[in-house]
Amino acid sequence: MRLAKRAFYVFALPATLVLLWWLLTLGSDSFWVPKPGKLVTTFWEVWVGPRWASDVVPSLVRLVIGLTVAIVLGILMGLAIGSSVLLRRLSEPVLEFFRALPPPILIPVLMVLVGVNDTMKVLVIISGCIWPVLLNTIEGVRSVDQVLQDTARVYGITGRSKFTMLTLPATSPYYVAGIRQALSLGLILMVISEMFGSSSGLGFTIVQFQRMFAVTEMWSGIVMLGLIGVALAAAFALVEKRVLAWYYGLKEVEHSE
């Protein structure tokens, strides 16, 4: 019963939207809006085959590398800055300046400095995804309960032990929230970076389809991006549930009281 209920919540709205799409396109010969059946057939023909290895896999590799570097740097820098009043005051103007810059603006600069290559595309992803992780981690360190810090001090928990036993777990709800934001932002930046001087990748392929007026193929690329986003969100939800098991358990206890 629980499994059926969960499946209903997952598939009810998508199924309703597809049904509505099918009804609205009945008897339609629009060049710009393909019918669901034709889109499914085109999706299989375009993406299940050599194009998966030549376009989808390179995009995913760049996305994973960019997100991983952004998450690691964001957490480490956030913990260091959040733990030091001096570092926080010194870095705040610089952080505010770079945070205000839209990552796509940096693409021409990175193209000149690094060249049009995979490194440039990864740097674009890092330049945008690091900020939600970094800023949330800083805020998390600043929000650590003072009572917990005093308790750790009384019991002589300092240095590395304090970092692993108190600071890192206590800030995890914050940087996990930042990572969740970074996932969707990384997918967007992956596509944008591939639209400039690229010869492979999902962004490049979708633009090529659009320029050739291959509308159904273009829509199939957009569907592929959506499916990747859903897969990322589902995988992250499983990781989040494990990492924050203690946090959600604590919330349940608080609500039950």
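The values are calculated or read from the model by the stated rules, or taken from the named source; none is laboratory data. In this text, all values refer to a predicted model and were calculated from it rather than measured experimentally. Here the Cβ is made from the backbone with ideal geometry for all residues, glycine too, and neighbour counts use every protein chain on show. Heads up: the accessible areas ignore ligands, DNA and RNA and are worked out on the full protein's heavy atoms, side chains in. Shrake-Rupley method; radii C 1.70, N 1.55, O 1.52, S 1.80 Å.
A few notes on this one:
- Condition met for residue 46 (part of a helix (DSSP H, G or I) and loosely packed, with under 13 Cβ neighbours inside 10 Å): no
- Residue match in region 233-243 (condition: at pLDDT below 90 and either closer than 18 Å to residue 57 by Cβ or acidic (Asp, Glu) (or both)): yes
- Test result for residue 172, at negative phi, open to solvent by less than 60 Å² (accessible area, probe 1.4 Å), of a type in the set (S, T, N, Q) and modelled with pLDDT under 90: yes
Okay, residues lined up against (1) among the hydrophobic types (A, V, I, L, M, F, W, C); (2) touching a helix residue (DSSP H, G or I) at 6+ places or on another chain (Cβ under 9 Å); (3) over 30 Å from residue 162 (Cα atoms):
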| position | (1), (2), (3) |
| --- | --- |
| 6 | no, no, yes |
| 23 | yes, no, yes |
| 31 | yes, yes, yes |
| 34 | no, yes, yes |
| 68 | no, no, no |
| 74 | no, yes, no |
| 77 | yes, yes, no |
| 80 | yes, yes, no |
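- Residue in region 115-124 that is farther than 19 Å from residue 71 by Cα, open to solvent by 50 Å² or more (accessible area, probe 1.4 Å), out of contact with any helix residue (DSSP H, G or I) (no Cβ under 7 Å at 6 or more places or on another chain) and of a type in the set (S, T, N, Q) present: yes
- Restricting attention to region 1-28, the residues being open to solvent by 70 Å² or more (accessible area, probe 1.4 Å) and either touching a Ser or Thr at 6+ places or on another chain (Cβ under 9 Å) or modelled with pLDDT under 80 (or both) number 10.
- Screening region 110-188 for helices (runs of 4 or more DSSP H) wholly inside it with 2 or more residues that are out of contact with any Ser or Thr (no Cβ under 7 Å at 6 or more places or on another chain) and under 23 Å from residue 225 (Cα atoms) returns the ranges 118-142.
- Condition check for residue 141: within 23 Å of the chain's Cα centre (by Cα), at pLDDT below 90 and crowded, with 17+ Cβ neighbours inside 10 Å: yes
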